[in-house]
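Below: one structure, written as structure tokens.
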Amino acid sequence: MPHHPASDQRTAPWQASVITLFPEMFPGPLAVSLVGQALQAGLWSLATIPLRDFGEGRHRQVDDTPAGGGAGMVLRADVVATAVDRTRAASPKAAALPAIYLSPRGEPLTQELVKELSLGPGVLLLAGRFEGVDERVLEARSFREVSIGDYVLSGGELAAMVLIDACVRLIPGVIGASESLAHESFENGLLEYPQYTRPRDWEGRPIPEVLLSGDHGRIEKWRRAESERLTRSRRPDLLNPNPKD
Ligand code: ADE
């Protein structure tokens, strides 16, 4: 198990910096519940960088029409690069953050990638709007492109919040019992087994007998079998991730 740097009090808290045209969307849902309490407690920190501040001219223009024609507008390479470079120059901490552009074209955000990012110093996220971002700045500033799923959002801000939430909950101290992390979906490559609580009988549906047996061996076996059954029926891709290998 790699040592989690946030458990070392000498290191700075995990940092999320977000370049966005809509800074007012933050912290939004990141201010509540476990992740919000952790923000208050200083276990992680959030900075928004308003892209508009780096826009060109009197109108602070950040976008322009796509080369080659077509619908929509494209975020300008020079404007995005200035936002990234000034953010990095302002603090050695920000200079060390991996740059990530949220886009439906990106590599899928998986629990594995979430773990990798949560073990690092944090993330510098670019939330796009419009048709996209000039490809040259993605190359020139070594952006990693990440998607949160096969659907299209109206902008990258919600995707940025999803990525941040998933990473922050893995920082030691954010979720009390490490127990609840050990059994969750994807931790063993399977979906989580079904859960039940009182009442014992509800609308004619009893809790599965085995869970009331007190036989921990049988319970473990049942849960494993249920995990496998659910994964086979809902997400067979998880059981055979590389079908061509
Ligand atoms: N921006 C728009 N849609 C997105 C998605 N599915 N994932 C990440 N960023 C996005």
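The values are calculated or read from the model by the stated rules, or taken from the named source; none is laboratory data. Just so it is clear, the model here is predicted, and its values are computed rather than measured. Cβ placement follows ideal geometry from the backbone for every residue including glycine, while neighbour counts extend to all protein chains displayed. Just the protein is used for accessible areas: all its heavy atoms, side chains included, with ligands, DNA and RNA removed. Shrake-Rupley method; radii C 1.70, N 1.55, O 1.52, S 1.80 Å.
Please specify each residue of region 39-53 satisfying the condition of being out of contact with any Phe, Trp or Tyr (no Cβ under 7 Å at 6 or more places or on another chain), under 15 Å from Pro29 (Cα atoms) and buried (at least 20 other Cβ atoms within 10 Å of the Cβ). If the condition is that a residue be out of contact with any Phe, Trp or Tyr (no Cβ under 7 Å at 6 or more places or on another chain), under 15 Å from Pro29 (Cα atoms) and buried (at least 20 other Cβ atoms within 10 Å of the Cβ), then Leu39 is the only one that fits.
Scanning region 194-207 turns up no residue that is over 20 Å from Glu107 (Cα atoms), open to solvent by less than 80 Å² (accessible area, probe 1.4 Å), assigned to a loop (DSSP other than H, G, I, E, B) and touching a residue at least 40 places away in the same chain (Cβ under 8 Å).
In summary, Ile164 fulfils each of the numbered conditions (1) away from the ligand (no atom under 16 Å from the Cβ); (2) out of contact with any Lys or Arg (no Cβ under 9 Å at 6 or more places or on another chain); (3) hydrophobic (A, V, I, L, M, F, W, C); (4) open to solvent by less than 10 Å² (accessible area, probe 1.4 Å) with the single exception of condition (1).
Of the residues that make up region 129-140, is at least one more than 16 Å from Pro13 (Cα to Cα), within 16 Å of the ligand (Cβ to nearest atom), in a strand (DSSP E or B) and not hydrophobic (A, V, I, L, M, F, W, C)? Yes, region 129-140 contains at least one residue that is more than 16 Å from Pro13 (Cα to Cα), within 16 Å of the ligand (Cβ to nearest atom), in a strand (DSSP E or B) and not hydrophobic (A, V, I, L, M, F, W, C). Take the conditions (1) in a helix (DSSP H, G or I); (2) in contact (Cβ under 8 Å) with a residue 12 or more places away in the chain; (3) closer than 14 Å to Ser17 by Cα; Val123 misses just one of them, which is (1).
Just one residue in the set Leu181, Leu212, Leu163, Leu191 is free of Cβ contacts under 8 Å to residues at least 60 places away in the same chain, hydrophobic (A, V, I, L, M, F, W, C) and in contact with a helix residue (DSSP H, G or I) (Cβ under 8 Å, 6 or more places away or on another chain); that residue is Leu191.
For the condition hydrophobic (A, V, I, L, M, F, W, C) and within 22 Å of the chain's Cα centre (by Cα), what is the one hit in Leu212, Leu239, Leu230, Leu191? Walk me through how you get there before you give the answer.
Working: Leu212 fails: within 22 Å of the chain's Cα centre (by Cα); Leu239 fails: within 22 Å of the chain's Cα centre (by Cα); Leu230 fails: within 22 Å of the chain's Cα centre (by Cα).
Just a single option satisfies the conditions, and that option is Leu191.
In region 86-101, the qualifying residues are those that are part of a helix (DSSP H, G or I) and touching a residue at least 24 places away in the same chain (Cβ under 8 Å), and the one that is most open to solvent (accessible area, probe 1.4 Å) is Arg86.
Residue check: Gly69 meets all listed conditions (1) within 16 Å of the ligand (Cβ to nearest atom); (2) exposed (fewer than 13 other Cβ atoms within 10 Å of the Cβ) but one, namely (1). Condition check: over 15 Å from the mean Cα position of the chain (by Cα), part of a helix (DSSP H, G or I) and assigned by TED's automatic domain parsing to the domain that holds Phe26. Does Val114 satisfy that? When the stated conditions are applied, Val114 does not pass them.
If you filter region 103-127 down to residues that are open to solvent by less than 10 Å² (accessible area, probe 1.4 Å) and either closer than 18 Å to Val80 by Cα or aromatic (Phe, Trp, Tyr) (or both), you find that the one that is nearest to the ligand (Cβ to nearest atom) is Ala127.
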